[in-house]
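A.B. asks: Have a look at the structure that comes next, please.
The values are calculated or read from the model by the stated rules, or taken from the named source; none is laboratory data. The structure displayed is predicted, hence computed values, not measured ones. Glycine also receives a Cβ, built like all others from the backbone with ideal geometry; neighbour counts cover every protein chain displayed. Each accessible area value is taken on the protein alone, full model and side chains, heavy atoms only, with ligands, DNA and RNA left out. Shrake-Rupley method; radii C 1.70, N 1.55, O 1.52, S 1.80 Å.
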There are 2 protein chains.
Amino acid sequence: MDDLKRRATVHDVAREAGVSLATVDRVLNGRPGVRGETAERVADAIRSLDFRRDVSASLLARARDLSVTFLIPDGSNAFMASLNAAITRHAQALKGERLSIVARPIHAFDPAALSAAIMALDPKTTDCAVIVATEHETVRRAVEAASKRGIAVVTLVSDLPGSARRHFVGIDNVAAGRTAASLMGRFCPSGRIGILAGSLGLRDHRERLEGFTAVMEAEFPGHELIGPREGFDDDMLTEAAVTELLGGPPLAGIYNLGAGNAGLIAALGKHGDSGRIRVVAHELTAATRDGLRSGAIDVVLDQNPDGEIAAALAVARSYAMGESAHHAAPQPAPIEIGLFLRDNLR
Amino acid sequence: MDDLKRRATVHDVAREAGVSLATVDRVLNGRPGVRGETAERVADAIRSLDFRRDVSASLLARARDLSVTFLIPDGSNAFMASLNAAITRHAQALKGERLSIVARPIHAFDPAALSAAIMALDPKTTDCAVIVATEHETVRRAVEAASKRGIAVVTLVSDLPGSARRHFVGIDNVAAGRTAASLMGRFCPSGRIGILAGSLGLRDHRERLEGFTAVMEAEFPGHELIGPREGFDDDMLTEAAVTELLGGPPLAGIYNLGAGNAGLIAALGKHGDSGRIRVVAHELTAATRDGLRSGAIDVVLDQNPDGEIAAALAVARSYAMGESAHHAAPQPAPIEIGLFLRDNLR
DNA sequence: CCCGTCATGAGGTACGTGCCTCATGACCTA
DNA sequence: TAGGTCATGAGGCACGTACCTCATGACGGG
């Protein structure tokens, strides 16, 4: 009866399949030298015994730690900075968990730099790469090549559909836009709503806009949408755009689906009665926190950077260990859109 | 230079402290037979080498798995059911991670049953207990006793301040109430707001009410608050309470800070023009999801059960391994209040 | 028939820690 | 001084997997 409680080991699998330990090992770790028929017998035994590699023993026995490389855009973007901070924090916490983490900054929005960095990854020293994807054919090809070399690629924040990436960690930006509209419509019985974007060349910004306008038109048809005006995620340009919007007929609300929120707040402050204009923005940063506290911003939609890094690491660990080879891949919970008011600021 | 990259092991600690492996082991695992002065030398070595127990090796070498026992209220409460479901899911996913999870149902809101269950925990088979606390002196004493026996206790959802519990995993319910008020105030320019509670004998319900009324009074003084009416988390009683509320002068909004949402929705449906009344409720369940989709409910505040279980397990694992003994305890991110509209339903 | 290739078996060591036993010396007390 | 308690050292086995080497037998081509 002890046997019923004990977890199955590689020895049990070997016995069940009628092969030696060495063969089980070859199958488990994808090494060559096993006939297809034999490999199938081993796989059957694994399934029938519900064998799962003992993670502790496996990590202990490995010659090297699992290694995950993050390729994150550099630059002054506050959100990317908080992503990097989260990576550092997790790297610290994962000391002793046999997981080594490297973060390499990539020139922002530069497909060539990103794909070059992906191509340079050595499967001997990298099990998994986590990238903030720029949508470009070169990047797609680099991901394909990395995958062929045995490096699992995970996209973060910005996806790369149609590529060989194994997983996407991030929020649903269309849903984010829809949610923003749903709140804005309830906040403002009627009136003109100004829309600000960073750049419509970015996939996530396009998706947010799509969701926002769809819900506004369908559910709150009494409102007039102004824009979108592009602020290119820059404080100065965003301030100029907002000032221009405020110069027109009175606005009931403003939705900024991009960055540059410091500029937005500055423009509102100079305008005066900013308390009456409902404002919805994205990403919890120093600027948006201040905006929430002062009342300049009503709601912030956030993609929790820390949670995203944690999720990416969990996925990366899972793929790096090839855990999904013989059992269903454990689908991690999708990243949720965080909604923050002054009253639930974390 | 290899030495600089290698993680420190117990051997290194022993050498650095000038003691034997056995003594390091005694210190690390809190076994008796070490003079205070010697233990201090070992602790110094641990700090100076930044030694961290290798989690993989440690788990592998242990005679038994880490074991975490959940004591969760039973009954028909939809939220507790989803907590249990989350526990089952995680238990499944943690096969192979040397963590064994037991969930024991406890008669709801019964301090005697809860404390008896805590007293019955054997430190030989339980490293950590996660409880949904009922506020009572017996429970406090049981937690104290368990802690003395070497069982770390973590409170979930409902805290037990002033007890020997090592950690609380849950949301800030005052903030939740404040957030609900902040939304409600923005949704309704003015008017009467009905308030429903489960039972004001519950700490979390009291806290939500406190936060809600504080913000309504301070920021939206034009509104008249009706209630709270107690529905005792029961659909029938809640429906009756709502029907009574709807019989009075027209309401602009309803805040249900307890359960029984199916009753709330039923009463609204029978009343007719429910689309005009803004409704804020708690916990994503089948009932509240339906309410969001149909438009009967505008916003649901949720404490992600899955996230809470994950956080509780992380904390439990950390305490069960005594990781925080020589380094700063890794404070896990606090559980966030989830805000859900129809448009960002997960 | 010889040799090369291939699938597989046999057996070992290593990873870092938990936990056990036994020995040794120091110190205290009667 | 004998006997007892206590702090500590020395050493070893175990955990389950990774990864290595070497042996063996089968098979096929020339």
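A.B. asks: What is the distance in Å between the Cα centroid of segment B:106-148 and that of segment A:24-98?
C.D. replies: Going from one Cα centre to the other spans 37 Å.
A.B. asks: Out of residues 5 or more away from A:R229 or on other chains, whose amide H comes under 5 Å of its own, with H placed 1.01 Å from N in the peptide plane?
C.D. replies: A:I195, A:L196, A:A197
A.B. asks: With all protein chains present, how much of the accessible area of the protein assembly as shown (probe radius 1.4 Å) comes from carbon and sulfur, to the nearest whole percent?
C.D. replies: 54
A.B. asks: Continuing with the same structure: Return the distance in nm (one decimal) between the two label points of a simple spin-label model at A:R346 and A:E144, each offset 7 Å from Cα along Cα→Cβ.
C.D. replies: Rounded to a tenth, the inter-label distance reads 3.9 nm.
A.B. asks: Now for a different question. Rounded to the nearest 20 Debye, what is the dipole magnitude of segment A:173-302 about its Cα centre when Lys and Arg each give +1 and Asp and Glu each give -1 at the C-beta?
C.D. replies: 320
A.B. asks: Taking 8 Å as the Cα distance limit and 6 or more residues as the minimum spacing, I'd like the relative contact order of chain A as a percentage.
C.D. replies: 14
A.B. asks: For segment A:238-255, just list the computed ³J(HN,Hα) in residue order, Karplus coefficients 6.51, -1.76 and 1.60, θ = phi - 60°, integers in Hz, with x standing in for Gly and Pro.
C.D. replies: Karplus values, whole Hz, x for Gly and Pro: 5, 4, 4, 5, 5, 4, 5, 4, 5, x, x, x, x, 9, 8, x, 9, 10.
A.B. asks: Something else now. Taking only Cα atoms, what is the 0 to 90° angle, nearest 10, from helix A:305-320's long axis to the longest principal axis of chain A?
C.D. replies: Approximately 20 degrees, to the nearest 10.
A.B. asks: Then there's this: For A:K270, give me every one of the aspartates and glutamates with a C-alpha distance below 14 angstrom, ignoring sequence neighbours fewer than eight places off in its own chain.
C.D. replies: Result set, ordered by chain and number: A:E239, A:E244.
A.B. asks: May I pose another question? Just from its helices, what would the mean residue ellipticity at 222 nm be for chain B, if runs of 4 or more DSSP H residues each count -39500 (n - 2.57) and the sum is divided by every residue, rounded to the nearest 500 deg cm²/dmol?
C.D. replies: -14000 deg cm²/dmol
A.B. asks: Further, regarding this structure: May I ask which residue of A:A39, B:S294, A:L200 lies farthest towards the positive end of the charge dipole of the protein assembly as shown, with charges of +1 (Lys, Arg) and -1 (Asp, Glu) on Cβ and the Cα centre as origin?
C.D. replies: The residue sitting most towards the positive pole is A:A39.
A.B. asks: Give, as a single signed number, the net charge of other residues whose beta carbon lies under 11 Å from the beta carbon of A:R208, with Lys and Arg counted +1 and Asp and Glu -1.
C.D. replies: With Lys, Arg at +1 and Asp, Glu at -1, the net is -1.
A.B. asks: May I ask you to derive the relative contact order of segment A:173-302, considering only C-alpha pairs under 8 Å and at least 6 residues apart, and to give it as an integer percent?
C.D. replies: 26
A.B. asks: I need the calculated FRET efficiency for the pair B:H11 and A:D50, taking r as the beta carbon distance and R₀ as 56 Å, to the nearest 0.05.
C.D. replies: That gives a FRET efficiency of 0.95.
A.B. asks: Once you place label points 7 Å from the Cα toward the Cβ at B:A61 and B:R35, how far apart are they in nm?
C.D. replies: 2.5
A.B. asks: Hey, got the dipole for the protein assembly as shown? About the Cα centre, +1 on K and R Cβ, -1 on D and E Cβ, debye to the nearest 20?
C.D. replies: My answer is approximately 1940 debye.
A.B. asks: Could you check which residue among B:I46, B:I131, B:I101 shows the biggest mean-square fluctuation in a GNM of chain B with a 10 Å Cα cutoff?
C.D. replies: So, out of B:I46, B:I131, B:I101, the one fluctuating most is B:I46.
A.B. asks: Looking at chain A, send over the antiparallel percent of its DSSP beta bridges, to the nearest 5.
C.D. replies: Percentage antiparallel, nearest 5: 10.
A.B. asks: Quick one, can you get me the convex hull of the C-alpha atoms of segment A:2-51 expressed as volume per residue in Å³?
C.D. replies: Convex hull of Cα atoms, per residue: 62 Å³.
A.B. asks: What net charge do the residues around A:I297 carry, taking every other residue with its C-beta under 10 Å from that of A:I297, with Lys and Arg at +1 and Asp and Glu at -1?
C.D. replies: With Lys, Arg at +1 and Asp, Glu at -1, the net is +2.
A.B. asks: Hey, another quick one. Structure shown: which of A:K95/A:K148; A:K95/B:K124; A:K95/A:K124 lie over 23 Å apart, alpha-carbon to alpha-carbon?
C.D. replies: Exceeds cut-off: A:K95/A:K148; A:K95/B:K124.
A.B. asks: Using amide H atoms built 1.01 Å from N in the peptide plane, name the residues 5+ places from B:G258, or on other chains, whose amide H lies under 5 Å from its own.
C.D. replies: Close amide H contacts, sequence-distant or interchain: B:G198.
A.B. asks: Between chains A and B, what is the buried accessible area in Å², counting both sides, with a 1.4 Å probe and ligands, DNA and RNA left out, to the nearest 100?
C.D. replies: Buried area between the two chains comes out at roughly 3600 Å².
A.B. asks: Residues of the protein assembly as shown: accessible area per residue at 1.4 Å, in Å²?
C.D. replies: Value for the protein assembly as shown: 43 Å² per residue.
A.B. asks: For helix A:36-49, report the angle its Cα long axis makes with the longest principal axis of the Cα atoms of chain A; keep it between 0 and 90° and round to the nearest 10°.
C.D. replies: The two axes meet at around 70 degrees.
A.B. asks: Mind checking the full-extension length gain between B:A85 and B:D122? Use 0.36 nm per residue of separation minus the Cα-Cα distance, one decimal, nm.
C.D. replies: Gain on stretching B:A85 to B:D122: 10.8 nm.
A.B. asks: Of B:A103, B:L66, A:P249, which is farthest towards the positive pole of the protein assembly as shown's charge dipole, taken about the Cα centre with +1 and -1 on the beta-carbons of Lys, Arg and Asp, Glu respectively?
C.D. replies: Sorting the options by dipole projection puts first B:L66.
A.B. asks: To the nearest whole number, what is the average tally of beta carbon atoms from other chains within 10 Å of the beta carbons of peptide B:210-219?
C.D. replies: Mean partner shielding for this stretch: 1.
A.B. asks: Near B:A45, within a Cβ-to-Cβ distance under 11 Å, what is the net charge of the other residues, with Lys and Arg +1 and Asp and Glu -1?
C.D. replies: -2
A.B. asks: Next up: May I ask you to evaluate 6.51 cos²θ - 1.76 cosθ + 1.60, the Karplus curve with θ = phi - 60°, for each residue of segment B:58-69 and list the ³J(HN,Hα) values in order in whole Hz, giving x for glycine and proline?
C.D. replies: So the Karplus estimates, Gly and Pro as x, are 4, 5, 5, 7, 4, 5, 9, 6, 5, 10, 10, 10 Hz.
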